[in-house]
Amino acid sequence: MTGLRVGQGFDAHRFAPPGERLPLRLAGVEVPHDRGLLAHSDGDVALHALCDALLGAAGLGDIGQHFPDADPRWRGANSRVLLRAVGERVREAGWRTVNVDLTLVAQVPRLAPHREAMRAAVAEDLGLEAGAVSVKATTTEGLGFTGRGEGIAALAVVLLAPVP
């Protein structure tokens with residue numbers, strides 16, 4: 001195996017209705033907010049996008065193939081467990097993660113105070129140094145479903161290199 005591989009991933013989830021007390025988990029960190037995200041698993045859009053980026057770069061399909069939402073085993077699953085499993089599958093396929101770049105798109109809540117914890121969680125789960133993980137957040141200036149505060153989206157890019 002030679003060369004480098006780039007993968008990209010995207011995910012989006014809507015917020016749960018007011019009063020439905022779900023935790024908000026983003027990039028492996030519980031973020032204080034009055035509403036969590038609706039999903040079959042824990043709704044961590046950042047880690048779902050990251051899993052897709054890793055799987056795509058390694059030529060291993062997507063998160064839905066490995067952890068289908070029709071399978072009750074994954075109901076409420078912690079996305080950090082899924083990320084660790086994906087990382088292992090990528091390594092078994094002969095690849096190592098060089099770096100990760102995550103972008104969270106959310107009008108609310110404010111995510112900057114949680115960035116370092118998110119970087120640390122992702123780095124831990126993938127066996128990387130924190131410096132190899134970037135986590136950014138942006139708003140859409142009130143535009144679209146994220147701008148109206150209806151949900152959160154995430155984009156991920158990864159670089160893989162062959163395992164020596």
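Miscellaneous remarks
- Treating each Cα of the chain as an identical point scatterer and summing with the Debye formula, the log10 of I(q)/I(0) at q = 0.15 Å⁻¹ comes to -0.75.
- Paramagnetic reach from GLU150 (point 7 Å along Cα→Cβ, amide N under 18 Å) across region 70-108: 105-108
- The chain: angle of helix 79-92 to the longest principal axis, Cα-based, in degrees nearest 10: 10 degrees
- For the chain, built as a Gaussian network whose Cα springs stay under 10 Å, the top-fluctuating residue of GLU129, GLU92, GLU30: GLU92
- Rounded to 5, the percent of DSSP beta bridges in the chain classed as antiparallel: 80 percent
- Cα long-axis angle, helix 115-126 against the chain (0 to 90 degrees, to the nearest 10): 40 degrees
- Whole-angstrom gap from region 119-152 to region 1-80, using each part's C-alpha centre: 12 Å
- Helix 45-57 and the longest principal axis of the Cα set of the chain meet at an angle near 20°.
Any read-out appearing in this document is the output of simple, stated calculations on the displayed coordinates, not a laboratory observation. Just so you know, these numbers come straight off a predicted model, no measurement behind them. Here the Cβ is made from the backbone with ideal geometry for all residues, glycine too, and neighbour counts use every protein chain on show.
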